[in-house]
Amino acid sequence: MSDLKQQKIILIDLIEPRMTSEHALDRMVELKELVETYGGLVVVKKWQKRFHPHPRTYIGTGKVDEIGIEGKELGASLVIINAQLKPRQIYEVSESLRKYKIEVWDRIDLILKIFSKHAKTTEARLEIELASVRHMGPRIFGMGMELSRQAGGIGTVGIGETNVERMKRHLKEKERRIKKKLEKYQKGRELQRISRKRKNLKTVSIVGYTNAGKTTLLNAMTGRDEYVADELFATLDTRVGNLYLPNKKETILVSDTIGFIKELPPSLINAFSSTLSEMVDADMLLHVADASDIHFYKNLKVVDSILGKLKVKSKPRLLVLNKMDQVSKLTRDEINRRLEEVEHVWISALNKKGLEKIVLKIEDL
Ligand SMILES: Nc1nc2c(ncn2[C@@H]2O[C@H](COP(=O)(O)OP(=O)(O)OP(=O)(O)O)[C@@H](O)[C@H]2O)c(=O)[nH]1
Ligand SMILES: [Mg+2]
């Protein structure tokens, strides 16, 4: 795979004809942010209007050719399609663009690439490997199906088919090996949890959309010095710090973990179960949200739905509205009105403003 920095990239998004241009633009901005986090240079952004994805090429055959010709002229070597494609679709588009030496990724490929770039711990690396195997598996089978269709006639077993079987076994084996290695980490975490229980240490876990300021908050509350950056998925593992509750005269643990993003398939989330287990076992969740983000409400929903998938919605939870310094009084009032029913506090993790409100709420709960 071409992992060169500042690789020239074409972005394409499929939009439904009724979608507003603002919405279409928003989607592209987010995709571009992901690409910049990855480290590529976007040379063209394209939209394709369709009511439904094309069954074989997702964006439509004409569009694929257009991209090939334009991409070649501009020296692009990668096309990223802003969706999760079916194995068949990725295969078809890749085949069509092969003659232009243009590689094709879907949204999940891009996220996985960012993950592998940012992973620092062995545990995170293993989890990404697991996610990749799960993501690539069906694609390879899909390719094999294609091959067997080409190679074998009716009633014969194609060459491709045996290859598919071999690859299937190989991937299954790989997945098993990774899972086994991950078990070691899970056991380690389990032991830590038991020891914490014994010491009666309560844990609070910070969750939220990527780039919301989770790590900044962890650092501010616990005096840790973890990596903070204005990029997506800066954190991919779990970090834990201590927090002293003055009124309770008790120390608790606060943990920070990988952020969420929309359209993250459950299989990818599941691959991170070792890292996320810290959160699944927490006594309480702090849901940090970037209140200055134009997608604020949408992001809240995404996090909510992922928390639902992780079955942690019944835990005591406090919504922490961060980046208050970037939000006007007017917007703040509006948000307060809309979130009347939801227990929330306003803070600025960067300026360490409002943190005492979180501490009080934690003590309450
Ligand atoms: N203006 C402002 N910026 C903030 C605030 N809190 C965090 N940031 C900035 O937001 C960006 C993301 O912060 P992080 O703490 O890395 O966010 P995160 O949620 O841990 O992000 P990931 O680990 O990438 O998912 C950084 O550039 C921070 O400096 C805040 O209260 N106000
Ligand atoms: Mg972080």
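No value in this document is a laboratory result; all are computed from the given coordinates. It should be emphasised that the depicted structure is a prediction, and the values quoted were computed from it without experimental measurement. Note: ideal-geometry Cβ built from the backbone for every residue, glycine included; neighbour counts use all protein chains shown.
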For this session: Specify the angular offset, from 0 to 90 degrees and rounded to the nearest 10, of the alpha carbon long axis of helix 21-38 from the longest principal axis of the alpha carbons in the chain.
Result: 90 degrees
For this session: Give the peptides 169-178, 115-124, 277-286 in descending order of average Cβ contacts within 10 Å, highest first.
Result: 277-286, 115-124, 169-178
Exercise. Which ³J(HN,Hα) values in Hz, rounded to whole numbers, follow from the phi angles of region 322-339 under the Karplus curve 6.51 cos²θ - 1.76 cosθ + 1.60, where θ = phi - 60° and Gly and Pro get x?
Worked result: 9, 6, 3, 4, 9, 10, 6, 4, 4, 5, 4, 4, 4, 5, 4, 5, 5, 9
For this session: Take every Cα pair under 8 Å in region 8-115 that's 6+ residues apart, average their separations, divide by the length, and report that relative contact order as a whole percent.
Result: 33 percent
Exercise. In terms of modelled amide H atoms, which long-range or inter-chain residues lie less than 5 Å from the amide H of Thr235?
Worked result: Gly259
Exercise. Farthest toward the dipole's positive end in the chain, which of Asn211, His170, Val64, given Cβ charges of +1 (Lys, Arg) and -1 (Asp, Glu) about the Cα centre?
Worked result: His170
Exercise. For the chain, what value does the Rg/Rh ratio take when both radii are computed over Cα atoms and Rh is the Kirkwood radius, given to two decimals?
Worked result: 1.01
Seminar exercise, completed: Here the percent of antiparallel bridges among DSSP beta bridges lying wholly in the chain, to the nearest 5, is 20 percent
For this session: Give the relative contact order (percent, whole number) for the chain; include only Cα pairs under 8 Å separated by 6+ residues.
Result: 13 percent
Exercise. What is the Cα centroid distance between region 31-49 and region 182-243, reported in whole angstrom?
Worked result: 31 Å
Exercise. What order do you get for 310-317, 77-84 when each peptide is scored by the mean count of other beta carbon atoms within 10 Å, highest first?
Worked result: 77-84, 310-317
Problem set entry | Degrees, to the nearest 10: 355-364 long Cα axis against longest axis of the chain | 80 degrees
Exercise. How far is helix 107-118 tilted, in degrees, relative to the longest principal axis of the Cα atoms in the chain, given as a value from 0 to 90 rounded to the nearest 10?
Worked result: 60 degrees
For this session: Give Lys181/Lys262; Lys120/Lys357; Lys46/Lys262; Lys8/Lys181; Lys99/Lys301 a once-over and call out the pairs whose C-alpha atoms are over 31 Å from each other.
Result: Lys120/Lys357; Lys8/Lys181; Lys99/Lys301
Exercise. What value, in deg cm²/dmol to 500, does the helix sum -39500 (n - 2.57) over DSSP H runs of n ≥ 4 give at 222 nm once divided by the residues of the chain?
Worked result: -16500 deg cm²/dmol
Exercise. Relative contact order of region 201-364: what whole-number percent is it, with Cα pairs under 8 angstrom and at least 6 residues apart?
Worked result: 25 percent
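Tally Lys and Arg at +1 and Asp and Glu at -1 over the other residues with C-beta under 12 Å from the C-beta of Arg196: what net charge comes out?
Once positives and negatives cancel, what remains is +2.
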Exercise. In whole angstrom, how far apart do the alpha carbon centroids of region 65-98 and region 289-304 sit?
Worked result: 31 Å
